[in-house]
Amino acid sequence: MKKILVVVDMQNDFIEGSLGTQEAQDIVERAAAAIEGFEGSIYVTMDTHQSNYLETAEGKKLPVVHCVRDTEGWLLNKTILTALSEKEYTTIEKGTFGSTRLAEEIRKEGGQEELEIECFGLCTDICVVSNVLLLKANFPEAKIMVRADCCAGVTPETHEAALQTMKMCQIEMC
């Protein structure tokens, strides 16, 4: 069985920056410990926007500049980066909530093997749920799990709603 960890958007702007929350700050240490204890392939997604973000479809609906390439807010959180420093991992930059490239890269690596995919990160109710459901669509027979204690949403209520949505789509919580 091929074990894969997907760390979603653990970037400064989602933790302490323009879209940061206390809940996001509260999961950093647990997320770092989960990375350190994981044995398998690791994929790290990074929300990546350009300086024209406010002109994009997303920027018009969420007019808060965030994760602009090469800014401090775009970078991975230092605690997460330290946890990753002893690991080999693949970075997937994405300009939208879910990444089709993530599934393509996992498919290349996993081939025909049975997959166990564990996911966590930010924000549960936007990018985590989007990526998890894309993975479920691409790997319907894989065991896909979300570490709820290493996720945070825009609000506690929308975090819980996203967890319930994923449960309804046969995603396991661990």
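The values are calculated or read from the model by the stated rules, or taken from the named source; none is laboratory data. Keep in mind it's a predicted model, so treat the numbers as computed, not measured. Backbone-built Cβ (ideal geometry, glycine too); neighbour counts: all protein chains shown. All accessible areas refer to the heavy atoms of the entire protein, side chains included, with ligands and DNA or RNA removed. Shrake-Rupley method; radii C 1.70, N 1.55, O 1.52, S 1.80 Å.
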Of the residues that sit in region 49-73 and are in contact with a helix residue (DSSP H, G or I) (Cβ under 7 Å, 6 or more places away or on another chain) and in contact (Cβ under 8 Å) with a residue 40 or more places away in the chain, which one is most open to solvent (accessible area, probe 1.4 Å)? Glu72
Reported set for region 1-21 where residues are open to solvent by 20 Å² or more (accessible area, probe 1.4 Å) and not charged (D, E, K, R) is Met1, Asn12, Gly17, Ser18, Leu19, Gly20, Thr21
Select from region 109-137 the residues that are at pLDDT 95 or above, of a type in the set (Gly, Ala, Ser) and surrounded by fewer than 24 Cβ atoms within 10 Å (Cβ to Cβ) and list them in ascending order. Ser130, Ala137
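Residue by residue through region 121-149, note down the ones that are part of a loop (DSSP other than H, G, I, E, B) and either out of contact with any Gly (no Cβ under 9 Å at 6 or more places or on another chain) or closer than 21 Å to Ala33 by Cβ (or both). Steps first, answer last, please.
We begin by selecting, within region 121-149, every residue part of a loop (DSSP other than H, G, I, E, B); these are 123, 139-142.
Result: Cys123, Pro140, Glu141.
Residues Glu157, Glu93: which one is in contact with a Ser or Thr (Cβ under 6 Å, 6 or more places away or on another chain), open to solvent by 60 Å² or more (accessible area, probe 1.4 Å) and more than 16 Å from Ile4 (Cα to Cα)? Break it down into steps so the answer makes sense when it comes.
On the way: Glu157 fails: in contact with a Ser or Thr (Cβ under 6 Å, 6 or more places away or on another chain).
Unique residue meeting the criteria: Glu93.
Only one residue in Thr79, Thr45 is surrounded by fewer than 21 Cβ atoms within 10 Å (Cβ to Cβ) and either in contact (Cβ under 8 Å) with a residue 12 or more places away in the chain or among the hydrophobic types (A, V, I, L, M, F, W, C) (or both). Which one? Steps first, please.
Values: Thr45 fails: surrounded by fewer than 21 Cβ atoms within 10 Å (Cβ to Cβ).
So the residue among Thr79, Thr45 that is surrounded by fewer than 21 Cβ atoms within 10 Å (Cβ to Cβ) and either in contact (Cβ under 8 Å) with a residue 12 or more places away in the chain or among the hydrophobic types (A, V, I, L, M, F, W, C) (or both) is Thr79.
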Looking only at region 150-171, which residues are closer than 16 Å to Ile27 by Cβ and in a helix (DSSP H, G or I)? Pro156, Thr158, His159, Glu160, Ala162, Leu163
Per-region count, region 53-97, residues over 20 Å from Cys151 (Cβ atoms) and in contact with a Phe, Trp or Tyr (Cβ under 7 Å, 6 or more places away or on another chain): 4
Within region 55-106, take every residue that is at pLDDT 95 or above and among the acidic types (Asp, Glu) and give me the one that is farthest from the chain's Cα centre (by Cα). Glu55
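Among the residues in region 22-41, are any surrounded by 15 or more Cβ atoms within 10 Å (Cβ to Cβ), acidic (Asp, Glu) and closer than 29 Å to Ala148 by Cβ? Before you say what the answer is, go through the steps one by one.
Here is the first cut: in region 22-41, the ones surrounded by 15 or more Cβ atoms within 10 Å (Cβ to Cβ) are 23-24, 27-28, 31-32, 34-35, 38, 41.
Those still in the list that are acidic (Asp, Glu) too: 23.
Of the ones still in play, those that are also closer than 29 Å to Ala148 by Cβ are 23.
Yes, that holds for at least one residue.
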